[in-house]
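Data first, discussion second: the structure below is written as structure tokens.
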Amino acid sequence: MSYDQNNIFAKILRGEIPCIKLYEDAHTLAFMDIMPQTQGHALVIPKQAATTLFELSDEAATACMRTVRKIGEAQKKGLGAQGVVLMQLNGEAAGQTVPHFHIHVIPGSIADLRRPHATHMADQAQLKVLADRIVDALAD
Ligand code: 5GP
């Protein structure tokens, strides 16, 4: 599948639409999911233009996992999450709705994921409060 330069995460990476940012480095960006499945649900994306895992370079995959680990640790510290669930969908057939590779970093338990993903828009102010707690924990 060819990469769609106009997908929503490509626009976030280019700064064309806003996101509640948690962390950024040379290869990755982490931000809050606007339709979270649990409180603190975050997304980690590579800066590489890749639709699924199968187009992603080994270097970008490694960088993503490094960032996932940072965010998960910060969710544990900042939000008191007992567990952290990772979810990563490849292709529409798998349920992927945004065609730029991403890893969902979801504080909580698999049992909390009864609500289908990408359905309920969260309150932006509440997302920002949770994001601040994660960002503060990243700095610890
Ligand atoms: P997928 O279905 O592709 O695995 O997940 C896409 C995720 O992106 C969903 O959880 C959805 O809530 C989230 N999402 C969709 N559009 C936006 C957006 O504009 N901003 C943010 N921050 N998240 C989004």
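A short reminder: the numbers here are calculations on the coordinates, not readings from a lab. Computed from a prediction, not measured in an experiment: that's the story for all the values here. Positions of Cβ are generated from backbone atoms using ideal geometry, with glycine treated the same way; all protein chains shown enter the neighbour counts.
Of the residues making up the stretch 103-123, those that are within 22 Å of ILE8 (Cα to Cα) and β-branched (Val, Ile, Thr) are ILE103, VAL105, ILE106, THR119. Going through (1) touching a Pro at 6+ places or on another chain (Cβ under 9 Å); (2) in a helix (DSSP H, G or I) one by one, LYS70 falls short only on (1).
Tally up the residues in the stretch 40-53 that are among the small types (Gly, Ala, Ser) and in contact (Cβ under 8 Å) with a residue 60 or more places away in the chain, please.
Our first condition is that a residue be among the small types (Gly, Ala, Ser); within the stretch 40-53, this holds for 40, 42, 49-50.
From what's left, in contact (Cβ under 8 Å) with a residue 60 or more places away in the chain: 40, 42.
Counting residues in the stretch 40-53 that are among the small types (Gly, Ala, Ser) and in contact (Cβ under 8 Å) with a residue 60 or more places away in the chain gives 2.
For the stretch 89-115, which residues satisfy the criterion of being part of a loop (DSSP other than H, G, I, E, B) and either in contact with a Leu (Cβ under 7 Å, 6 or more places away or on another chain) or touching a residue at least 60 places away in the same chain (Cβ under 8 Å) (or both)? Don't jump to the end; show me each part of the working.
Taking the stretch 89-115 and keeping what is part of a loop (DSSP other than H, G, I, E, B), we get 89-91, 95-102, 108-109, 113-115.
Matches in the stretch 89-115: ASN90, GLY91, GLY95, GLN96, VAL98, PRO99, HIS100, PHE101, HIS102, GLY108, LEU113, ARG115.
Applying the criterion of being free of Cβ contacts under 8 Å to residues at least 60 places away in the same chain and of a type in the set (Ser, Thr, Tyr) to the residues of the stretch 1-39, the residue that is surrounded by the fewest Cβ atoms within 10 Å (Cβ to Cβ) is SER2.
Just checking, does the stretch 54-65 include any residue being on the phi > 0 side of the Ramachandran plot and either surrounded by 20 or more Cβ atoms within 10 Å (Cβ to Cβ) or more than 13 Å from the chain's Cα centre (by Cα) (or both)? Break it down stepwise before answering.
Our first condition is that a residue be on the phi > 0 side of the Ramachandran plot; within the stretch 54-65, this holds for none.
No: the stretch 54-65 contains no residue that is on the phi > 0 side of the Ramachandran plot and either surrounded by 20 or more Cβ atoms within 10 Å (Cβ to Cβ) or more than 13 Å from the chain's Cα centre (by Cα) (or both).
Looking across the stretch 30-63, just one residue is over 19 Å from GLY91 (Cβ atoms), of a type in the set (Val, Ile, Thr) and in contact with an Asp or Glu (Cβ under 8 Å, 6 or more places away or on another chain), and that is THR38. Answer yes if at least one residue in the stretch 67-86 is within 12 Å of the ligand (Cβ to nearest atom) and on the phi < 0 side of the Ramachandran plot, and no otherwise. Yes, the stretch 67-86 has at least one match. Among the residues of the stretch 92-107, the one identified as surrounded by fewer than 19 Cβ atoms within 10 Å (Cβ to Cβ) and more than 10 Å from the ligand (Cβ to nearest atom) is ALA93. Flag not set for ALA131, criterion: more than 11 Å from GLY40 (Cβ to Cβ) and either in contact with a strand residue (DSSP E or B) (Cβ under 6 Å, 6 or more places away or on another chain) or near the ligand (Cβ under 10 Å from one of its atoms) (or both). Return yes when GLY108 is of a type outside the set (A, V, I, L, M) and in contact with a strand residue (DSSP E or B) (Cβ under 7 Å, 6 or more places away or on another chain) and no when it is not. Spelling it out, GLY108 is indeed of a type outside the set (A, V, I, L, M) and in contact with a strand residue (DSSP E or B) (Cβ under 7 Å, 6 or more places away or on another chain).
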